[in-house]
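To start, the structure under review is shown below, and the notes come after it.
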């Protein structure tokens, strides 16, 4: 059985290749027993990108041959019209949210969980507290509030590189808190040696960040006084929590889940 993979993580490709026959799909339409797509969005449906158009062509081609299709809607951007089409061809749909769209199965983003990479990071970082991404509902509470109460803290709202920041607060919108969506920014920060403090509003993931959950700005100030070794140790602690309590974030779980779907 050969499974075609379109727009996939290289680590996932490597992991799957040790268990089943897989191949990356480019511009061709090879003979397959199944197709997995990490969904590509496009700025315009009227003038779609080349990658988006090829993605649609792959789905159309293999669905007509009754080949099982599995799609990961990474950015939760599949439209209602696209969903109706995918539902009609019985595509299996995943998304990185626990409690969102009824017909999408939960599959969160992959975490690298590489302790050795973390140990290579040096202690010096320009900002005590920072963030990359949109300003969400919790921004005033955790970032603006902290800067107002602790004006001597080196806080920057729009940093360009996670390796410049010691700590970030995993703020998000009320909607994303409620559907159990953990933003990719959180994972990127951890993987680059930036400690993540979990706001108490992020109820589905408080056990992942056990000991690092913050409810107000005073807790943030407490953490910002920790040294480099303590920060790295805390990130490793999060990784251990993921392995023990949230294995769905691991590449082993992803590979197992994909294989299970194609073996049904």
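If you go through the stretch 113-124, how many residues are buried (at least 16 other Cβ atoms within 10 Å of the Cβ), outside any helix (DSSP H, G or I) and in contact with a helix residue (DSSP H, G or I) (Cβ under 6 Å, 6 or more places away or on another chain)?
Pass one, the stretch 113-124, residues buried (at least 16 other Cβ atoms within 10 Å of the Cβ): 113, 118, 121.
Now narrow it down to the ones that are outside any helix (DSSP H, G or I): 113, 121.
Within this subset, residues satisfying the condition of being in contact with a helix residue (DSSP H, G or I) (Cβ under 6 Å, 6 or more places away or on another chain) are 113.
Going through the stretch 113-124 one residue at a time, the tally reaches 1.
Working only within the stretch 75-84, note down all residues that are out of contact with any strand residue (DSSP E or B) (no Cβ under 6 Å at 6 or more places or on another chain) and either touching a residue at least 12 places away in the same chain (Cβ under 8 Å) or buried (at least 16 other Cβ atoms within 10 Å of the Cβ) (or both). It would help to see each step written out before you state the result.
Step one: of the stretch 75-84, the residues out of contact with any strand residue (DSSP E or B) (no Cβ under 6 Å at 6 or more places or on another chain) are 75, 77-84.
Residues satisfying the conditions are 75, 77, 78, 79, 82, 83.
For the stretch 1-72, which strands (runs of 3 or more DSSP E) that fit wholly inside it have 2 or more residues that are over 27 Å from residue 112 (Cβ atoms), at pLDDT below 95 and out of contact with any strand residue (DSSP E or B) (no Cβ under 8 Å at 6 or more places or on another chain)? Full working, then the answer.
Working: elements: 2-6, 21-24, 34-38, 69-72.
In the stretch 1-72, no matching strands (runs of 3 or more DSSP E) lie anywhere.
Any idea which of (1) within 17 Å of the chain's Cα centre (by Cα); (2) within 28 Å of residue 240 (Cβ to Cβ); (3) free of Cβ contacts under 8 Å to residues at least 40 places away in the same chain is the one residue 159 doesn't satisfy?
(1)
Counting only residues that are touching a residue at least 60 places away in the same chain (Cβ under 8 Å) and part of a helix (DSSP H, G or I), which one in the stretch 141-156 is nearest to the chain's Cα centre (by Cα)?
Filtering the stretch 141-156 down to residues touching a residue at least 60 places away in the same chain (Cβ under 8 Å) leaves 141-142, 145-146, 149-150, 153.
With part of a helix (DSSP H, G or I) added as a condition, the list becomes 141-142, 145-146, 149.
On the way: 141: 24, 142: 22, 145: 27, 146: 27, 149: 32 Å.
The selected residue is 142.
The values are calculated or read from the model by the stated rules, or taken from the named source; none is laboratory data. A quick note: this is a predicted structure, and the numbers were derived from the prediction, not measured. Note that we place each Cβ from the backbone using ideal geometry, even for glycine, and neighbour counts take in every protein chain shown.
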